[in-house]
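Reviewing the structure listed below.
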Amino acid sequence: MPFFRKWLLFLFFIPSLTVAAASGKGIVIASESDQLELFNADSLKVLAFADSITADFNRVILHLGQGYAFRTGGIHATEKSRTNLRLFADRLREKKIPLTLWFLDSFGKEAFEEIYQNYKPISDENVRVLDSLQIPYDGIAVDLEWFNLNNGKNHARFEEILSYLHDRLKGEKRLYFFAPLQESRQENERRGFHISKLLRSANAPLAMFYPAESGFHVNRNEVLPNFGKERIEHLKQHFRKQKWEVILGLGEKWLCQFHHDLTEVESLKSPPILQPDKLKLETSRTDEYWQTETYAVVSPQLVNFEDGTSRMAKPGDRLLHFTIRATVAEADYYCYEYFHLRANHLLHSTVNETQ
């Protein structure tokens, strides 16, 4: 699973942050384990799931897996799963909900190399099986990220993959690619995304917009998100101007700021113990795009950091909780990811914040 999606799976949401059921947004359905259970269940459950999706969202991206979607170990290896996939896709087509199917995943140069060596047979087999099952779908998406890490030179290979997929698709089917895009053309090209060349084969990028995963900095001992209001609005404006599709990750981040050096801040892998004898809420602030709480450590507790290390947070240290608000969302964004949002009770809620 590519890097940004791995991060998102570890984001922890809170009930006050909601995804717009009534706003007509798109939704990304990505969790392989949840899909395995769903598509191997009774067909009535699958149809009920499809109906809930069509009631709440106006576009769907469905993950088929990293590579071969219909082989042993894949999401749709069984006859039952394939039949249910057809039922799901038929119901979406009946309700006029566009369905994009997503396969080919990698993160980094080494993983991309493996995909590159096999993308033709993977693409041929997946498209062939989809056609044989008469699965109605509107397009294909691929997620090959950071393939130019460590001085990689793979942009021409990425263009080759998109060109091949473009030629394999029939009729009016569209082609998309996930990409961590910025405003800078030079930076995007350094990452391997020469947009003008890629759009010769693809219809549009899926710009990955994850404010809570974009880091934090310290200014005069105050911890601030790298994606503040000005940065968020500038990116949103740029995405609009370029007419790119956008994948929005709504989430939160816990940080620890150590009292002996207020410039030392570490990201937590999981939330701390929120008990009065452990933490005391000091401040709570709501800005246009962020909700921020600051907690004083009352008694020591072990906290686990994203880099795999652990450390005792002690009295004098502070824990900070940053949550990106739904006000950042535009009506035409895709939200990531359905099963994670549902597990955290964020679907079918009344949404007052979204634009």
Which pairs turn up if I take residues in the stretch 116-136 that are under 14 Å from Gly67 (Cβ atoms) and look for partners that are surrounded by fewer than 17 Cβ atoms within 10 Å (Cβ to Cβ) and modelled with pLDDT of 95 or more with beta carbon separation below 9 Å, at least 6 apart in sequence or on another chain? Tyr116/Glu160; Tyr119/Glu160; Tyr119/Tyr164; Lys120/Tyr164; Ser123/Tyr164; Glu125/Arg71
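Here's the yes/no breakdown for (1) in contact with an Asp or Glu (Cβ under 6 Å, 6 or more places away or on another chain); (2) over 29 Å from Pro205 (Cα atoms); (3) without any contact (Cβ under 8 Å) to a residue 40 or more places away in the chain:
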| residue | (1), (2), (3) |
| --- | --- |
| Ile29 | no, no, no |
| Asp34 | no, no, no |
| Glu37 | no, yes, yes |
| Asn40 | no, yes, no |
| Leu47 | no, yes, no |
| Phe57 | no, no, no |
| Val60 | no, no, no |
| Gln66 | yes, no, no |
| Ala69 | no, no, no |
Might you check whether a residue that is crowded, with 20+ Cβ neighbours inside 10 Å, modelled with pLDDT under 95 and within 29 Å of Tyr295 (Cβ to Cβ) occurs anywhere in the stretch 260-270? no
Which condition number in (1) without any contact (Cβ under 8 Å) to a residue 24 or more places away in the chain; (2) over 20 Å from Asp317 (Cβ atoms); (3) of a type in the set (D, E, K, R) is the one that Arg240 fails? (1)
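Just to check your reading of the model, which residue among Glu183, Glu187 is farther than 18 Å from Lys120 by Cα and without any contact (Cβ under 8 Å) to a residue 24 or more places away in the chain?
On the way: Glu183 fails: without any contact (Cβ under 8 Å) to a residue 24 or more places away in the chain.
Criteria check complete, one pass: Glu187.
Any residue at all in the stretch 285-296 that is in a strand (DSSP E or B), closer than 30 Å to Ile195 by Cβ and of a type in the set (Phe, Trp, Tyr)? Full working, then the answer.
Step one: of the stretch 285-296, the residues in a strand (DSSP E or B) are 285-286, 290-296.
Adding the requirement that they be closer than 30 Å to Ile195 by Cβ leaves 290.
In the following step, the residues that additionally are of a type in the set (Phe, Trp, Tyr) were identified as 290.
So far as the stretch 285-296 goes, yes, one or more of its residues are in a strand (DSSP E or B), closer than 30 Å to Ile195 by Cβ and of a type in the set (Phe, Trp, Tyr).
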Does Leu133 satisfy being surrounded by 19 or more Cβ atoms within 10 Å (Cβ to Cβ) and closer than 23 Å to Asp51 by Cα? no
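Hey, does the stretch 73-86 have a residue that's in contact with a His (Cβ under 6 Å, 6 or more places away or on another chain) and assigned to a loop (DSSP other than H, G, I, E, B)?
Keep residues of the stretch 73-86 that are in contact with a His (Cβ under 6 Å, 6 or more places away or on another chain), which gives 82, 85.
Next cut, assigned to a loop (DSSP other than H, G, I, E, B) only: none.
Within the stretch 73-86, not a single residue is in contact with a His (Cβ under 6 Å, 6 or more places away or on another chain) and assigned to a loop (DSSP other than H, G, I, E, B).
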Looking at Ser132, Ser81, Ser163, Ser123, which one is at pLDDT 95 or above, farther than 27 Å from Gly26 by Cβ and of a type outside the set (D, E, K, R)? Ser132
Every listed condition ((1) under 30 Å from Ile61 (Cβ atoms); (2) free of Cβ contacts under 8 Å to residues at least 60 places away in the same chain; (3) exposed (fewer than 15 other Cβ atoms within 10 Å of the Cβ)) holds for Leu235 save (3)
Would you mind finding the one in Glu37, Glu110, Glu114 that is at pLDDT 95 or above, part of a helix (DSSP H, G or I), more than 30 Å from Val328 (Cβ to Cβ) and among the acidic types (Asp, Glu)? Glu37
Give me a count of the residues in the stretch 32-58 that are closer than 23 Å to Asp105 by Cα and crowded, with 21+ Cβ neighbours inside 10 Å. 2
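For the stretch 296-312, give me each residue that is touching an Asp or Glu at 6+ places or on another chain (Cβ under 7 Å) and closer than 22 Å to Pro211 by Cα. Even if it seems obvious, please write down each step before you answer.
Taking the stretch 296-312 first, the residues touching an Asp or Glu at 6+ places or on another chain (Cβ under 7 Å) are 296-299, 305.
If the condition is that a residue be touching an Asp or Glu at 6+ places or on another chain (Cβ under 7 Å) and closer than 22 Å to Pro211 by Cα, then Phe305 is the only one that fits.
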Filter the stretch 191-211 down to the residues that are within 23 Å of Leu224 (Cα to Cα) and surrounded by 24 or more Cβ atoms within 10 Å (Cβ to Cβ), then identify the one that is modelled with the lowest pLDDT. Pro211
Return the total of residues in the stretch 244-259 being modelled with pLDDT of 95 or more and in a loop (DSSP other than H, G, I, E, B). 1
Please determine, by comparing only the residues of the stretch 102-115 that are in contact with a helix residue (DSSP H, G or I) (Cβ under 9 Å, 6 or more places away or on another chain) and surrounded by 18 or more Cβ atoms within 10 Å (Cβ to Cβ), which one is nearest to Pro136 (Cα to Cα). Phe103
Those residues of the stretch 69-83 which are surrounded by fewer than 21 Cβ atoms within 10 Å (Cβ to Cβ) and under 21 Å from the mean Cα position of the chain (by Cα) amount to Gly74
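The values are calculated or read from the model by the stated rules, or taken from the named source; none is laboratory data. Every value quoted in this text rests on a predicted model; they were computed, and no experiment measured them. Because the Cβ atoms are built from the backbone with ideal geometry, glycine has one as well, and the counts that use them run over all protein chains shown.
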